[in-house]
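Before any comments, here is the structure.
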Amino acid sequence: MKLKWRPYQRRIINKAREVINQYGFVYLAMEVRTGKTLTALGTAQACGFRNIVFLTKKKAISSIVADYQLLNPSYKCDVINYESMHKLEISRCDFLVLDEAHGLGAFPKPSNRAKNVKDFIRRHNCCVCLLSGTPTPESYSQMYHQVFGIPANPFNHFKNFYAFAKDYVKITRKKINSMYINDYSGGKPSILRTMQPYTISYTQKEAGFKVETTERVLTVELNQSTYNIAKRLKRHNVVEGNEETILGDTPAKLMNKLHQLYSGTIIFESNNGTILDYSKAEFIKKHFDGQKIGIFYKFRQELKAIKEIFGDDITTDLDKFNSTDKSIALQIVSGREGISLRKAEALVYYNIDFSATSYWQSRDRMTTKERLKNDVYWVFAKDGIENDIYKTVIKKKDYTVNHFKKDLLSL
């Protein structure tokens, strides 16, 4: 099968080659399903690189290898997840691809992942291609550590993030546990303007996507025993059993414990976990009977409940999902980016994450250029916490303890 480039991919590859030849790196800010991976691999081919490394998430490795084999270029490509960078045994790399680059954007201090990438670039003196559909999903400040390891980045004259922040961040103060600390999340739009010469952006709309995403909230009534535990926890901040204890003695812990309870699971103070209520898993199994679906869960015990109810009809392996009639269960954060669930008839959320990034990225996993309709279902507990989280994240805001404190009065 010979690969046929879409016209916009050819244009982007040619432009990316020019940017790399001039600056040594390029940022492909292409929305999900527009073909970032193949475009990056095509850019490596157009630039004449011989040895490339493609850093990604573990779940995305197989699809990237498939794209590499489809392209069948003349260069050698090592595809590996970020956590396994230290296992790479290569003497030379002239082109490094950083998939889901926004994952390097922690601030004010760099993450270990960002520091490892910086060290890799220094050792190999390689050109770089950053990929992301959402380069700064929560704050423009996330850009700094994505590019700080690249010698020609436009912020390289700043000693560190704090020096950068003096020019590019509106620094405010916030109170945490009676202490005031600097809040660096107020990155200014000038960050993106400064990055503009190095960035090639492309949207699904520009690519001709016409998909319509329909979201529906499905409400499940849990067992009364589950509501009783939640009620006692809200009233007394502790529920003690014969062997285990549920403790919600701070707003953050109470928020997390209720988040677990309203999907039927709990992690005790001992760090043991258990399933208290199978209502959601049973509802999903019955409601979507006969359909091939993708299920997003948040907590490990939720996956256990799904497996017990679905049995042999569920898998956590993407290749098996693509080659059989099985449905798939994925953890929200690990499954929200870098993979395609185009073979799913619908996406079903067992729970919801506090992160707006998780909301916007994960719900787009089914999208393809040919698909006209995405069906997304949120399974929430009646009188639970999930609906309040949903109302926040759809506004592109993370659900925080401050939100929870306000919502607690109505729970």
Peptide ranges 347-354, 170-177 listed from the most packed, as the mean C-beta count within 10 angstrom indicates: 347-354, 170-177
Whose amide H sits under 5 Å from the amide H of Thr213, counting only residues 5 or more places off or on another chain, with H placed in the peptide plane? Asn374
For the stretch 107-236, what is the per residue volume of the convex hull drawn over the alpha-carbon atoms, in cubic angstrom? 213 Å³
Does anything in the stretch 135-178 have its amide N under 16 Å from the 7 Å Cα→Cβ label point of Ser185, and if so which residues? 136-143, 169-177
Heads up, the stretch 304-345 by the C-alpha gyration tensor (a ≥ b ≥ c square roots of eigenvalues; a/c under 1.5 rounded, else a/b over b/c prolate, else oblate) looks oblate
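Can you tell me how much longer the chain between Thr172 and Glu345 gets when fully stretched, taken as 0.36 nm per residue apart minus their C-alpha distance, in nm with one decimal? Mind dumping the intermediate values first?
Details: separation 173, 0.36 × 173 = 62.28 nm, distance 4.51 nm.
So the extension gain works out to 57.8 nm.
Quick check on the chain: helices-only [θ] at 222 nm, where DSSP H runs of length 4 and up contribute -39,500 (n - 2.57) each and the sum goes over total residues. Nearest 500, please.
On the way: 17 runs with 152 residues, N = 411.
Mean residue ellipticity at 222 nm (helix-derived): -10500 deg cm²/dmol.
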For the stretch 38-72 and the stretch 178-201, compute the distance between their C-alpha centroids and round to whole Å. 29 Å
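Quick one: length gained pulling Asp119 to Lys15 fully straight, 0.36 nm per residue minus the C-alpha distance?
34.7 nm
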Contour excess over end-to-end distance, with Cα ends at Asp317 and Thr400 and 0.36 nm allotted per residue: 26.7 nm
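Give the dimensionless ratio obtained when the Cα radius of gyration of the stretch 280-411 is divided by 2.2 N^0.38 Å.
Rg over 2.2 N^0.38 Å, computed on Cα atoms: 1.06.
Show me 213-221, 275-283 ranked by packing, highest mean number of other Cβ atoms within 10 Å first.
Details: 213-221: 13.4, 275-283: 20.2.
Descending packing order for the listed peptides: 275-283, 213-221.
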In whole Å, how far is the Cα centre of the stretch 103-172 from that of the stretch 252-275? 35 Å
Among [x] 30, 25, 23; [y] 49, 20, 17; [z] 39, 27, 19, only one was calculated for this model; which label is it, if the read-out is semi-axes √(5λ) of the Cα gyration tensor in Å? [z]
Modelled FRET efficiency - R0 51 Å, Trp5 with His236, Cβ distances, 0.05 increments: 0.25
If I histogram all Cα-Cα distances within the stretch 224-280 using bins 10 Å wide from 0, what percent of pairs lands in each bin? 25, 64, 11
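Among 183-196, 17-30, how do they line up from the highest to the lowest mean number of other beta-carbon atoms within 10 Å?
Details: 183-196: 15.8, 17-30: 20.0.
Order by mean packing, descending: 17-30, 183-196.
Values quoted throughout were computed directly from the atomic coordinates according to the rules given, and no laboratory measurement underlies them. No experiment lies behind these values; they were computed from the predicted model shown. Cβ sites come from the backbone with ideal geometry, for glycine too, and all protein chains shown count toward neighbours.
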